[in-house]
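Student: I'd like to ask you about the structure that follows.
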4 protein chains.
Amino acid sequence: MGATVAIAGASGYAGGELLRLLLAHPELGVGTVTAHSKAGDRLITHHPQLIGLADRTLEPTTAEALAGHDVVILALPHGASAQIAAQLPDDVLVLDCGADHRLTDAAAWQKFYGTEHAGSWPYGLPELVHADGHKQRDALPGAKRIAVPGCNVTAVTLALAPGLAAGVVAPDDIVAVLACGTSGAGKSLKPHLLASEIMGAASPYAVGGVHRHIPEIQQNLQLASGGAPVTLSFTPTLVPMSRGILATVTAKLTGAADGAGVRAAWEAAYADEPFVHLLPQGQWPTTAAVLGANTAHVQVTVDEAAGRLVAVAAIDNLTKGTAGAAIQSANLALALPETLGLPTTGVAP
Amino acid sequence: MGATVAIAGASGYAGGELLRLLLAHPELGVGTVTAHSKAGDRLITHHPQLIGLADRTLEPTTAEALAGHDVVILALPHGASAQIAAQLPDDVLVLDCGADHRLTDAAAWQKFYGTEHAGSWPYGLPELVHADGHKQRDALPGAKRIAVPGCNVTAVTLALAPGLAAGVVAPDDIVAVLACGTSGAGKSLKPHLLASEIMGAASPYAVGGVHRHIPEIQQNLQLASGGAPVTLSFTPTLVPMSRGILATVTAKLTGAADGAGVRAAWEAAYADEPFVHLLPQGQWPTTAAVLGANTAHVQVTVDEAAGRLVAVAAIDNLTKGTAGAAIQSANLALALPETLGLPTTGVAP
Amino acid sequence: MGATVAIAGASGYAGGELLRLLLAHPELGVGTVTAHSKAGDRLITHHPQLIGLADRTLEPTTAEALAGHDVVILALPHGASAQIAAQLPDDVLVLDCGADHRLTDAAAWQKFYGTEHAGSWPYGLPELVHADGHKQRDALPGAKRIAVPGCNVTAVTLALAPGLAAGVVAPDDIVAVLACGTSGAGKSLKPHLLASEIMGAASPYAVGGVHRHIPEIQQNLQLASGGAPVTLSFTPTLVPMSRGILATVTAKLTGAADGAGVRAAWEAAYADEPFVHLLPQGQWPTTAAVLGANTAHVQVTVDEAAGRLVAVAAIDNLTKGTAGAAIQSANLALALPETLGLPTTGVAP
Amino acid sequence: MGATVAIAGASGYAGGELLRLLLAHPELGVGTVTAHSKAGDRLITHHPQLIGLADRTLEPTTAEALAGHDVVILALPHGASAQIAAQLPDDVLVLDCGADHRLTDAAAWQKFYGTEHAGSWPYGLPELVHADGHKQRDALPGAKRIAVPGCNVTAVTLALAPGLAAGVVAPDDIVAVLACGTSGAGKSLKPHLLASEIMGAASPYAVGGVHRHIPEIQQNLQLASGGAPVTLSFTPTLVPMSRGILATVTAKLTGAADGAGVRAAWEAAYADEPFVHLLPQGQWPTTAAVLGANTAHVQVTVDEAAGRLVAVAAIDNLTKGTAGAAIQSANLALALPETLGLPTTGVAP
């Protein structure tokens, strides 16, 4: 076992998923697991699936508890992760699953989060294609601080970025509507997240340009489009499933390519990607097929009558959307094989 | 009991919902119930919820079996309903829950359905607001043939029509993404509709401008916009619930009104509607709140950064989306109170 | 409108269901609606389905707020209902949906609830068949205080009581296992009731003889068996649905009757009941068929090899299990038709 | 890669799960994949989660297609597997996930299946404890034919066998009620398995002693009890989840041990088992915690008032219930480490 990993915020859903993946990782071992209000509890009380860690107890989330590990992964609310990250040694690899270090634009941070900007870290979405054709993974080898992307952001970005980078769609009128599982909202005890409210229900939230993932999506898509400003209408909807994000993204066609040319942009972008798959033509993504896998399934088509491309991506918000992404980036940062220890097959049906 | 109603296609989901509503209707009684391949079966085998009709048997779907009723409601596949409708007497009120008589444009029918156009009937969406301010309900009193709208169509139309009629949004770049319950796909035995495939899964279908509800939505929205052509990107997604449609619809703002002015358009359109409710500002529709009710819940907001309005509607596809709509229109056609016998309270949670 | 009904605890699930049913009741009108921590909120915030009460605000739960109505229905936690009930005038009809007044045996109350016994009220399960053949409904006309049964209790009692009353099964080794929807646990914010935890999960709770519904079931079944003590193994399991209880109940055959004779006991007990239906032989109950209805579906069979009868009942925990039962009993107490205003058709699929 | 495995019936749910597990197995590689009516289809059409096998096509299920592999796993309907198995060479390891070779008693086979008995094979439930204390795994090293247990059977057997082997519960009046996910019923196109029918529904099936898993459970529990005949009331119920079985099993206490002594029997039986876990006292199994894992979670308690023990087991019907069990037994037969390539952590939430 090459390295040990401490998990801050281990009682939550992202924390649990990190531990599930680490238990199957050949080179990364589970170190200290911490929590805030749940410190002192047995881990298995909160994560009965983690039978392999049945003897573990949650420690308080402090820099001391996290010290002495090769890697620290923060699965904390935004604000909390910046605070603890500031106390960790520079030579430890720290990955933040929260939002604190994702945005490069301090004004965007201030506008959407209302607090002071903590600065930005290398961004952990390896498959993000930039306008010049290079991928975001180039920024990660040797990095000591990595910002793990937001789950909705990953889905929308992977769906659309190839088209922007290839110039076949325009960045100025993008519409994204997402069907989201409830685990993305975490374990917080809110009435609208009760099972009785969710089953049988589809409902939107954070409608009208206020969702905090908007500036992060714009930042990514602007890298893909080569700097052209991105205009985005973004509406997430909660649907009755625990895991999964289905992002339906449409953008206006530029006319630079026909249907086959459009598809070629996605084929080129993802042909060699181990975790992002353009499905065979005519087969559309379903979140069920990526459950528990560090995999994104993508499909695109052209709607000539509407003058729009429709791109759809499906991911598991906790795996490729959070915990798997963190470990994929950690693999890259630590010069391990990028795919090490990460499942690619979904648990379906 | 003033009138009797025969139901053709009573073994399906729309048929079952029609019967549920008729059992509670004070002026409409259940007459003959027919089916095709299920003829001869006890009705309760297919609809265990219809305990009040436990003694009924399904008869074959023939004009003879349907004769002798005041009202005939067809809950049949498209094609089949036009065929049987042609054999029914002119003085019987016939409502078609299928698509055969919805489109006025024969070319659109031919393009999307590939068969000969059966002609169009008065369209049964009473709350559809036309550009001149009148509502579609004016076409229904005394009608002897009524085309019941498609369920997705009803959701999208009710969400957006007021804004087009008031000129606050543009008809030329509308995007609609829907989260749909499985009962809209009917009882047909297809692998992707199996429970094991649906639970935990969100997936799109009929992507890229090929869904048959597109020309019907365009027809409605064009009536609202006063004839301006409607450009629509339409993507339905299946999500794990039996009933319900959540339509998220966005259109470009014309600048004719600010946020308050925009909201005023919806307030004006629906203030007096018994079945369409603009929710209090800030409260977003959820399909759970309209389950089993002949009710649409609507909300709108303006996303200034995106230059788009977002309108959301929630309906139960089987009630306001199909069977309830049929009975509402039948009430109007028969000069009964429009709301008679129709539930307005959803079964929630 | 003959009478007005005040609802205490109107922000919860039982409260919402009471209001849904009252909105459709021709003789009972909605009076004051009260809540504890939610007092001051608009009712529609908590119950978006109650669009017909969109103008109502929740008042604090006090005897003063509840005064001046013909009927008061308490949908409060146990303990709270006894306290408020003691302050209400004797001539008001009070129905308690909580447990405080269900048990006649003070020692059983003390053992399972650990508090002082508040005394018992006439028990509102009209269809409970006693050993001498009379039904529990005889106790209700003119009553001014009625204890509404527990939801699990109703399901188990309706499943098995006819067999005990007829002497075809023995009361000394009954096993009941229930599949229960989450709304029975109410709206309390507990981690295990979050949607993310419930979807995809089946799990038991209160296992091993500690569930508080046990003495109430025993009390009912002892009335059916004519005083013979009832031994009961009772295990409820939470399954991923909002509403519904499926009770699978088995008891040893006494040998007093063969299969046909066994079935005859249930037929005799329920032939004239408007809300309890013995399904056609071979058709088993499903909770979906009783959703939103004040209906119980029951089926029985004999397993000769096991020497046991298996009886299954399906109800909606919020309708026949709570709110519908309250209104059914109120109808009886007020000398209205027992079935007035109560739906018998389930909302399926 | 030590050995190749052919899968017969690869288009079904058990087939898909076998392939998911094999893709992660370090010593077993995926060979030919066959199907009956789906032969010629691309595998990924039926299993979009198997992105790693995107280039594979389903071949017809024939002995020729299956020849030339070290291992053949049959995921076929009963009847079909016996037929094909008879044509496979003796020196190939064949595992049958169907029922054909599970029962040792030809009369029981005839009674429940109505066809001629194909004979029995070594039974692949390694953790089954026999009355003399040895485990069933002893029968598997070097075996060339293995019958994989039924999924419901595994759950009930693992829940109760330790108590029978230790003599703390009696075998003569066992009651088992199961909450079952829909994937156990396979991909067959039956109306009651449609998503619209299942969501929101709990319903029993095969009630009254007719389920084909009954003689297999009896066979296992008789091995545990040392030959005493087993009387079993068995009722499975379908609940709205894709995967998972929760078995609630009760049996009469013999009085041979008190509560602690009872628990000790389970502790002793499972202390060293890698895939069966007795949960900490007071924590009850949930199917969510074993999703996708080859793990059974078990808990027991004593209900003194009822004179019964309650034992509960949760498994994933496709993993520990079928495909994982097959691979676990294959590992044993091939002298590989028993746990090789098998996940023990559930995908939760």
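The values are calculated or read from the model by the stated rules, or taken from the named source; none is laboratory data. Just so it is clear, the model here is predicted, and its values are computed rather than measured. We place every Cβ from the backbone using ideal geometry, glycine too, and count neighbours over all the protein chains shown. Calculation scope for accessible area: heavy atoms of the full protein, side chains included, ligands and nucleic acids excluded. Shrake-Rupley method; radii C 1.70, N 1.55, O 1.52, S 1.80 Å.
Student: Gap in Å between the Cα centre of the range D:286-318 and the Cα centre of the range B:308-349?
Tutor: One Cα centre to the other: 45 Å.
Student: Taking every DSSP beta bridge that has both residues in chain B, what percent is antiparallel when rounded to the nearest 5?
Tutor: Once the DSSP bridges in chain B are tallied, antiparallel ones form about 45 percent.
Student: Report Rg(Cα)/(2.2 N^0.38 Å) for the range C:64-130, keeping two decimals. Before the final figure, lay out each step's value.
Tutor: Numbers: Rg = 12.7 Å, N = 67, 2.2 N^0.38 = 10.9 Å.
The reported ratio for this selection is 1.17.
Student: If you don't mind, another one. Out of A:V156, A:P89, A:L140, whose Cα points farthest toward the positive end of the dipole of the range A:48-157 (charges: +1 Lys, Arg; -1 Asp, Glu; placed on Cβ)?
Tutor: Looking along the dipole axis, the top candidate is A:V156.
Student: Let me ask something else. Quantify how much of the Cα-Cα distance distribution of chain C extends past 39 Å, in percent.
Tutor: More than 39 Å apart: 10 percent of the Cα pairs in chain C.
Student: Roughly how many whole Å is it from the C-alpha centroid of the range A:1-70 to that of the range B:17-73?
Tutor: 59 Å
Student: Sticking with this one: Quick check on packing: order A:160-170, B:132-142 by the mean number of other C-beta atoms within 10 Å, highest mean leading.
Tutor: A:160-170, B:132-142
Student: Continuing with this model, one more query. When DSSP assigns beta bridges and you keep just the ones with both residues in the protein assembly as shown, what percent turn out antiparallel, to the nearest 5?
Tutor: Restricted to the protein assembly as shown, the bridges split so that about 50 percent are antiparallel.
Student: Let me ask another. Using unit Cβ charges (K, R positive; D, E negative) and no other charged atoms, how large, in debye to the nearest 20, is the dipole of the protein assembly as shown about its Cα centre?
Tutor: For the protein assembly as shown, the charge dipole is close to 0 debye.
Student: Ok, one more. On a 21 Å Cα-Cα criterion, which of the cross-link pairs B:K111/B:K190; B:K144/B:K187; A:K135/A:K320; C:K111/C:K144; A:K111/A:K252; D:K111/D:K144 come out too long? Please report the intermediate quantities before stating the final value.
Tutor: Numbers: B:K111/B:K190 25 Å; B:K144/B:K187 29 Å; A:K135/A:K320 17 Å; C:K111/C:K144 28 Å; A:K111/A:K252 27 Å; D:K111/D:K144 28 Å.
The pairs that break the limit, which is 21 Å between Cα atoms, are B:K111/B:K190; B:K144/B:K187; C:K111/C:K144; A:K111/A:K252; D:K111/D:K144.
Student: Treating the beta-carbon of each Lys and Arg as +1 and of each Asp and Glu as -1, no other charges, what is the dipole magnitude of chain B about its Cα centre, to the nearest 20 debye?
Tutor: Dipole magnitude for chain B comes out near 660 debye.
Student: How do the peptides D:54-61, C:185-192, A:214-221, C:206-213 rank, highest first, by the average count of neighbouring beta carbon atoms within 10 Å per residue? Write down the numbers at each step before the final one.
Tutor: On the way: D:54-61: 17.2, C:185-192: 15.0, A:214-221: 25.1, C:206-213: 19.8.
Descending packing order for the listed peptides: A:214-221, C:206-213, D:54-61, C:185-192.
Student: On average, how many beta carbons from a partner chain sit within 10 Å of the beta carbon of a residue in D:179-188?
Tutor: 5
Student: What shape does the protein assembly as shown take by its C-alpha gyration tensor, where a ≥ b ≥ c are the square roots of the eigenvalues and a/c under 1.5 counts as rounded, a/b above b/c as prolate, and the rest as oblate?
Tutor: On the way: a/c = 1.37, a/b = 1.01, b/c = 1.35.
Rounded is the answer for the protein assembly as shown, as its axis ratio a/c remains below 1.5.
Student: Treating the beta-carbon of each Lys and Arg as +1 and of each Asp and Glu as -1, no other charges, what is the dipole magnitude of the range C:77-174 about its Cα centre, to the nearest 20 debye?
Tutor: Magnitude of the dipole: close to 140 debye.
Student: Here's something else I'd like to know. So what does B:T4 come to for accessible area, using a 1.4 Å probe and Å² rounded to 10?
Tutor: Its heavy atoms expose roughly 50 Å² to the probe.
Student: Next up: For A:T235, A:T104, give me the order by solvent-accessible area with a 1.4 Å probe, most accessible first, ignoring ligands, DNA and RNA.
Tutor: My answer, sorted largest first, is A:T104, A:T235.
Student: I need the fraction of alpha carbon pairs in the range C:94-168 separated by more than 18 Å, rounded to a whole percent.
Tutor: Value for the range C:94-168 (Cα pairs over 18 Å): 46 percent.
Student: How much area per residue is accessible in the protein assembly as shown when the probe is 1.4 Å and only protein heavy atoms are counted (Å²)?
Tutor: Each residue of the protein assembly as shown exposes 30 Å² on average to a 1.4 Å probe.
Student: Within the range D:193-329, what whole-number % of the accessible surface is contributed by carbon and sulfur, with the 1.4 Å probe and all protein chains included in the calculation?
Tutor: 50 percent
Student: Using only alpha carbon positions, build the gyration tensor of the range D:83-221, then give the equivalent ellipsoid semi-axes as the square roots of 5 times its eigenvalues, largest first, whole angstrom.
Tutor: So the three semi-axes of the range D:83-221 are 26, 23, 14 Å.
Student: Give me the percent of accessible area attributable to carbon and sulfur for the range A:106-170, probe 1.4 angstrom.
Tutor: Roughly 53 percent, rounded to a whole number.
Student: Additional query: Have a look at D:V262, D:T344, D:A165 and report the one farthest towards the positive end of the charge dipole of chain D, computed about the Cα centre with Cβ charges (Lys/Arg +1, Asp/Glu -1).
Tutor: Of D:V262, D:T344, D:A165, it is D:T344.
Student: Here's something else I'd like to know. Using the C-alpha atoms of the range C:189-247, what convex hull volume per residue, in cubic angstrom, is computed?
Tutor: Details: hull volume 6.0 nm³, N = 59.
In the range C:189-247, the Cα convex hull volume per residue is 102 Å³.
Student: From the convex hull of the Cα coordinates of the range C:152-315, what is the mean projected area in square nanometres?
Tutor: Convex hull of Cα atoms, orientation-averaged projection: 9.7 nm².
Student: How long are the three semi-axes of the equivalent ellipsoid for the range C:221-349, computed from the Cα gyration tensor as the root of 5 times each eigenvalue, in whole Å, largest first?
Tutor: Ellipsoid half-lengths, sorted descending, are 26, 18, 15 Å.
Student: Further question on the same structure: For B:245-258, what's the mean count of beta carbons from other chains sitting within 10 Å of each residue's beta carbon?
Tutor: Working: counts 1, 9, 2, 12, 2, 9, 1, 2, 0, 0, 0, 0, 0, 0.
The mean count of partner-chain Cβ atoms within 10 Å per residue comes to 3.
Student: Right, something else. Chain pair A, B: how much accessible area is buried, both chains summed, with a 1.4 Å probe, in Å² to 100?
Tutor: When A and B are taken together, about 3100 Å² of accessible area is lost.
Student: Here is a follow-up. Ignoring everything but the protein chains, give the 1.4 Å probe accessible area of B:K144 in square angstrom, nearest 10.
Tutor: 90 Å²
Student: Further question on the same structure: For the range B:1-108, report the % of Cα-Cα distances exceeding 25 Å.
Tutor: The proportion of pairs with Cα distances above 25 Å equals 17 percent.
Student: For Cα pairs less than 8 Å apart in space and 6+ apart in sequence, what is the mean separation divided by the residue count of the range D:152-315, i.e. the relative contact order in percent?
Tutor: Relative contact order of the range D:152-315: 32 percent.
Student: While we're on this one: Can you list the residues of the range D:12-36 that have at least 20 square angstrom less accessible area with all protein chains present than in their chain by itself, probe 1.4 Å?
Tutor: D:Y13, D:R20
Student: Between the helical axis of B:214-225 and the dominant principal axis of chain B, each derived from Cα atoms, what acute angle in degrees is found, rounded to the nearest 10?
Tutor: It works out to around 60 degrees.
Student: How shielded is A:309-317 by partner chains, expressed as the average number of their Cβ atoms within 10 Å of its Cβ atoms?
Tutor: 3
Student: Still on this structure, I have one more. Using the alpha-carbon atoms, what tilt in degrees (0 to 90, nearest 10) does helix A:324-333 show relative to the longest principal axis of chain A?
Tutor: 80 degrees
Student: By how many degrees, between 0 and 90 and to the nearest 10, does the Cα long axis of helix A:151-165 differ from the longest principal axis of chain A?
Tutor: Around 40 degrees separate the two axes.
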